[in-house]
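Undergrad: The structure follows.
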Amino acid sequence: MKNLKLWFEKMQKNRFFSAFLFTILAIVLYGAMYSNIQPEKLDLRLFSVAKKDIISPITVEDIEATEEKKQEAALKVEDQYILKTDYAENRVEIISSIFDAVTIVKKEELESEILESKLTTLNELIPSELKGQLSNTNLETLLAASPSQLDSAKNTAITLIKQIMTQPIKVGEEDLQKEIVSEEIKKVNLPENLKTVMIIIAQYAIIPNYVYDVKGTEGKRQEAMDAVSPVKIRAGQVLVKEGQVIDREMYKQLELVGLLDEKVNPNLFIGLAIFTLTLTSIIAVYLHGINPKQRIIYILIFLLTILLMKVISLFQLVSEIGYIFPVAMAPMLIKVLLNEKLAAISSIIFAICSSLIFNVEMLGKFNFSIGIYFLISGIAGIIFINERHYRTKILKAGLYVSVVNIVVIAALFMIRNGHYTGIEIGTYFLLAFLSGFISAVLTLGLLPVFEAWFGILSTVQLIELSSPNHPLLRKILLETPGTYHHSVMVANLSEAACEAIGANGLLARVGAYYHDIGKTKRPHFYIENQMNMENPHNNISPQLSTTIITAHPYDGADLLREHNIPKEIIDICEQHHGTTLLKYFYFKAKEQSENVIESDFRYPGPKAQTKESVIVGIADSVEAAVRSMPNPTMQKVENLVRKILSDRIQDGQFDECDITLKELDIATKSMCETLKGIFHSRIEYPENPDKKQAKKVEVLE
């Protein structure tokens with residue numbers, strides 16, 4: 001064990017060791033989840049019989065079926081037509097131009113001009129398409145008509161064409177409209193031969209105006225295709241029932257969901273690699289700010305948790321076996337050994353990983369129910385360990401976590417709205433209870449291991465060191481009884497103050513027990529041990545007295561090292577005086593000589609580095625000063641405590657510690673409350689009058 005501890009201490013100083021551990025962490029994390037993302041492969045053949053129900057593991061679109069559905073929707077769309085309203089105006093203009101041409105020829109005709117010339121001129125003016133339909137006889141009829149007849153014929157034809165051509169006329173429907181216009185013209189009061197010509201002209205003007213709209217039709221068909229929902233094979237959908245013959249359609253669906261694909265899809269493994277690197281990077285960034293020893297502790301706890309999670313998952317016939325996993329173990333260990341924020345972050349990461357590792361019988365890759373269970377259970381473990389220095393709280397926290405686990409599972413049952421038998425519900429609750437209980441047991445079992453490997457000061461060690469039967473404490477009691485009493489008083493003050501500001505009260509108490517152990521080397525040079533004897537400092541120089549007094553923190557530290565006392569206790573012993581000035585001997589020396597250097601009368605240091613060292617140092621001065629006060633009152637005590645604190649602040653004794661002024665004020669109030677209990681006033685009990693009278697009689701006799 002000692003060699004292992006030394007090896008760990010050596011590795012902590014190696015900057016490449018942390019990188020190596022992070023690499024191992026990423027590899028283990030990837031390996032633990034690798035098998036859980038691999039798709040299931042089935043050995044199936046076309047027209048074979050399914051031995052069990054085959055369920056789709058994923059949701060995927062059936063592209064061919066979707067395309068067929070779109071084509072069907074497009075075919076159902078009717079052809080789109082558009083009414084050409086400008087056709088009516090064009091045909092009206094043509095009819096008008098024909099009658100205008102007749103009028104022009106009639107106005108320009110000369111008496112000498114022959115009929116053939118007139119017909120030739122008129123033929124040149126009428127549309128070429130109409131030339132084959134109007135015979136010379138028809139043209140002669142137009143030329144022979146009077147202006148009023150022509151005007152009437154023109155207006156009638158235009159009106160009829162305007163009415164008919166503003167209505168939709170599809171291809172093939174124009175003959176019907178021509179018959180209609182013919183019947184209407186026959187009702188007109190004009191010569192028959194002129195009406196015949198009008199019918200020819202009007203029927204010529206009627207053409208289809210409701211034409212096929214290519215763009216419109218394509219647009220409507222595209223809209224219909226876009227409105228078609230994709231044909232999807234849903235995750236959890238039964239593709240083939242047990243005993244069914246696998247036909248081509250079923251076989252195609254099995255291929256689509258990847259149950260028959262023998263090719264490895266690299267996206268799954270690339271995605272898992274990115275996922276793993278992201279989680280590892282988050283951990284690495286957060287751990288960058290803590291010391292190497294804590295970083296190694298965290299990675300070991302993380303690896304242990306993931307490996308244990310994977311081992312349990314190997315025995316899962318169903319995903320429910322994951323509910324027995326000791327979820328709260330890692331968060332509780334991390335909170336006790338490291339800090340609460342890191343424990344909370346870890347709970348989230350473990351919840352994410354568990355949803356992948358325990359995903360048997362899940363439709364997708366993630367089991368969100370167990371992820372929620374892991375998250376809440378881990379957070380509960382962190383919350384319920386609110387007294388980190390007492391191990392009995394860990395077991396109690398485990399029982400509380402068990403209760404929370406059962407409540408969470410009950411809630412999940414209700415949300416799922418499933419039907420469960422009494423045996424199933426009892427099994428789930430038993431697994432949840434065991435999870436919390438095993439978490440507490442493993443935490444209690446692993447704490448001493450980590451504390452031993454990494455030299456972490458544990459609660460058990462502190463309790464052992466605080467025992468009055470400890471050899472060093474007995475040494476203080478027997479050799480320096482005054483110092484022992486002083487140390488007990490300082491311990492009471494320190495523990496209460498540290499607990500008030502959130503520091504380690506037990507560490508402060510034990511540190512206070514040993515802070516003056518160096519006085520056992522020269523006990524009679526300290527006032528509390530000078531009973532019925534002359535003060536030896538009266539016979540030596542102030543400089544020598546200073547040397548003797550300032551040596552006791554370092555004599556004590558050496559003695560503690562010889563007995564393998566934890567470093568935290570040694571630090572308190574060395575640092576509780578900081579670099580303070582021995583004012584009594586300094587001013588005594590100045591009375592004897594002006595050439596006195598102040599630094600010669602200061603403790604060498606170092607200054608306090610931790611809150612516990614600061615509090616013990618203040619309590620040490622406060623107890624000694626209050627003890628020497630004549631007739632102490634609470635107001636005098638409080639003024640004295642605040643003066644000592646103010647002097648130390650001005651002297652810069654707290655510059656190397658992260659304690660705040662607010663915490664110092666809280667600690668001061670705590671010490672005053674404790675001193676109030678120590679120096680409370682007592683009533684003077686009156687003597688029994690009968691006994692007092694008896695004494696008087698006895699004296700007189």
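Undergrad: Charges on Cβ only, +1 for Lys and Arg, -1 for Asp and Glu, centred on the Cα centroid of the chain; of A343, I185, A508, which one is farthest towards the dipole's positive end?
TA: In the chain, that residue is A508.
Undergrad: Grab the beta carbon distance between I425 and N469, set R0 = 51 Å, and tell me the FRET efficiency rounded to 0.05. Walk me through the numbers on the way to the answer.
TA: Numbers: r = 52 Å, r/R0 = 1.02.
Rounded to the nearest 0.05, the efficiency is 0.45.
Undergrad: Amide H to amide H, which residues 5 or more places from V211 or on other chains are under 5 Å from it, using H placed in the peptide plane?
TA: Under 5 Å from the amide H of V211: I82, K84.
Undergrad: Something else now. If you plug each phi of segment 157-162 into the Karplus form 6.51 cos²θ - 1.76 cosθ + 1.60 with θ = phi - 60°, what whole-Hz ³J(HN,Hα) values come out, in order, with x for Gly and Pro?
TA: Each residue of segment 157-162 in turn: 4, 4, 4, 5, 5, 4 Hz.
Undergrad: What is the gain in length, in nm to one decimal, between V231 and S146 on full extension, counting 0.36 nm per residue of separation less the C-alpha to C-alpha distance?
TA: Details: separation 85, 0.36 × 85 = 30.60 nm, distance 7.44 nm.
Full extension of this stretch gives 23.2 nm more.
Undergrad: Less than 15 Å Cβ to Cβ from I409, Lys/Arg counted +1 and Asp/Glu -1: what total charge do the surrounding residues give?
TA: For residues surrounding I409, the net value is -1.
Undergrad: Given the options S97, S146, A328, identify the residue whose Cα lies farthest towards the positive end of the charge dipole of the chain (+1 on Cβ of Lys, Arg; -1 on Cβ of Asp, Glu).
TA: Ranked along the dipole, the leading option is A328.
Undergrad: Taking the Cβ of F47 as the centre, find all other residues whose Cβ is under 10 Å away and add up their charges (Lys, Arg: +1; Asp, Glu: -1).
TA: It works out to a net charge of +1.
Undergrad: A 30 angstrom limit on the alpha carbon distance is what I want to check against. Which of K521/K588; K293/K643; K475/K590 exceed it?
TA: K293/K643; K475/K590
Undergrad: At T278 and Q543, where each label point lies 7 Å from the Cα along Cα→Cβ, what is the point-to-point distance in nanometres?
TA: Roughly 7.1 nm, to one decimal.
Undergrad: For segment 262-304, what is the largest minus smallest coordinate of the Cα atoms on each principal axis, given in angstrom and ordered from greatest to least?
TA: Over segment 262-304, Cα extents along the principal axes are 47, 20, 9 Å.
Undergrad: If you don't mind, there's one more thing I want to ask. What FRET efficiency comes out for the pair R45/I270, r = Cβ-Cβ distance, R0 = 22 Å, nearest 0.05?
TA: Between R45 and I270 the formula returns 0.10.
Undergrad: Apply the a/c threshold of 1.5 to the C-alpha gyration tensor of segment 470-678 and tell me whether it is rounded, prolate or oblate.
TA: On the way: a/c = 1.36, a/b = 1.18, b/c = 1.15.
It comes out rounded by the Cα gyration axes.
Undergrad: Based on the Kirkwood radius over alpha-carbon pairs, what is the Stokes-Einstein translational diffusion coefficient of the chain at 25 °C with 0.890 mPa s viscosity, in µm²/s? If you can, show how the numbers build up before the last one.
TA: Numbers: Rh = 36.4 Å.
Rounded to a whole number, D works out at 67 µm²/s.
Undergrad: Exposure proxy check: I301, I200 ranked by fewest other beta carbons within 10 Å?
TA: Least to most surrounded, the residues fall as I200, I301.
Undergrad: May I pose another question? Put a dot 7 Å past each Cα toward the Cβ at N564 and L75; how far apart are the dots in nm?
TA: The modelled label-to-label distance comes out at 9.0 nm.
Undergrad: Normalised by the residues of the chain, what does the relative contact order come to in percent, with Cα pairs under 8 Å and at least six apart? Please list the in-between numbers first.
TA: Numbers: 877 pairs, mean separation 86.4, N = 701.
RCO, the chain: 12 percent.
Undergrad: Something else about it: Of all GluC sites (Glu not before Pro) in segment 18-104, which ones are in loop regions per DSSP and have a Cβ with at most 10 other Cβ atoms within 10 Å?
TA: Passing both the DSSP loop test and the Cβ count: E40, E78.
Undergrad: Moving to a separate point now. Please state the equivalent ellipsoid semi-axes for segment 264-351: what are the square roots of 5 times the Cα gyration tensor eigenvalues, largest first, in whole Å?
TA: They are 24, 19, 10 Å, listed largest first.
Undergrad: Considering all projection directions equally, how large on average is the shadow of the alpha-carbon convex hull of segment 81-212, in square nanometres?
TA: Quarter of the Cα hull surface area: 7.7 nm².
Undergrad: Something else: How many angstrom lie between the Cα centre of segment 631-655 and the Cα centre of segment 45-99?
TA: Centre-to-centre (Cα) distance: 91 Å.
Undergrad: If you place +1 on the Cβ of every Lys and Arg, -1 on the Cβ of every Asp and Glu, and leave all else neutral, what size is the dipole of segment 470-678 about its Cα centre, to the nearest 20 Debye?
TA: Computed charge dipole of segment 470-678: roughly 400 debye.
Undergrad: Let me ask something additional. For segment 19-31, what does the Karplus curve 6.51 cos²θ - 1.76 cosθ + 1.60, with θ = phi - 60°, yield as ³J(HN,Hα) per residue in whole Hz, taken in order and with x for Gly and Pro?
TA: 4, 4, 5, 5, 5, 4, 4, 5, 5, 5, 4, 5, x
Undergrad: Which of the GluC sites (Glu not before Pro) across segment 500-566 are loop residues per DSSP, with 16 or fewer other Cβ within 10 Å?
TA: On the way: sites: E528, E534, E562; in loops: E534.
For GluC sites (Glu not before Pro) across segment 500-566 that sit outside H, G, I, E and B with at most 16 neighbouring Cβ atoms in 10 Å, the list reads E534.
Undergrad: Sticking with this structure for a sec: Using Cα positions and a limit of under 28 Å, work out the lysines in reach of K187, with same-chain residues fewer than 8 apart set aside.
TA: K106, K131, K154, K162, K170, K178, K195
Undergrad: Next up: Using the charge dipole of the chain (Lys, Arg: +1 at Cβ; Asp, Glu: -1 at Cβ; taken about the Cα centre), state which of L25, H576, L431 has its Cα farthest towards the positive end.
TA: H576
Undergrad: Could you go through segment 427-436 in sequence order and give the Karplus-derived ³J(HN,Hα) for each residue, using 6.51 cos²θ - 1.76 cosθ + 1.60 with θ = phi - 60°, rounded to whole Hz, and x for Gly and Pro?
TA: 5, 4, 5, 5, 4, 5, 5, 5, 4, x
Undergrad: Here is a follow-up. Can you divide the C-alpha Rg of segment 171-253 by 2.2 N^0.38 Å and report the result to two decimal places?
TA: Details: Rg = 30.1 Å, N = 83, 2.2 N^0.38 = 11.8 Å.
My calculation over the Cα atoms of segment 171-253 gives 2.55.
Undergrad: A further question on this structure: Extension gain L125-I415, at 0.36 nm per residue separation less the Cα-Cα distance, in nm?
TA: Working: separation 290, 0.36 × 290 = 104.40 nm, distance 8.86 nm.
Full extension from L125 to I415 adds 95.5 nm.
Undergrad: List the residues, sorted by chain then number, that are 5 or more residues from I55 or on another chain and whose placed amide H is less than 5 Å from its amide H.
TA: Under 5 Å from the amide H of I55: L239.
Undergrad: Show the residues, 5+ positions off or on another chain, whose built amide H is closer than 5 Å to the amide H of K232.
TA: For K232, whose amide H was placed from the backbone, the distant partners under 5 Å are D62.
Undergrad: Mind checking the full-extension length gain between I345 and Q38? Use 0.36 nm per residue of separation minus the Cα-Cα distance, one decimal, nm.
TA: The span from I345 to Q38 would gain 107.8 nm if fully extended.
Undergrad: Please compute the net charge surrounding P468, taking Lys and Arg as +1 and Asp and Glu as -1 over other residues with Cβ under 12 Å from its Cβ.
TA: Details: positive: R474, K475; negative: E464.
Computed value for this residue: +1.
Undergrad: Defining a contact as two alpha carbons under 8 Å apart and six or more residues distant in sequence, what relative contact order in percent does segment 428-564 show? Write out the running numbers ahead of the final one.
TA: Values: 110 pairs, mean separation 26.3, N = 137.
Relative CO of segment 428-564 lands at 19 percent.
Undergrad: How much FRET efficiency would the formula 1/(1 + (r/R0)^6) give for A19 and D651, where r is the Cβ-Cβ distance and R0 is 45 Å, rounded to 0.05? Please list the in-between numbers first.
TA: On the way: r = 43 Å, r/R0 = 0.96.
That gives a FRET efficiency of 0.55.
Only the coordinates and a few stated rules stand behind these numbers; no lab work does. Predicted, not measured: the structure shown is a model, and the values here were computed from it. With ideal geometry, Cβ positions are generated from the backbone for all residues, glycine too; neighbour counts draw on all protein chains shown.
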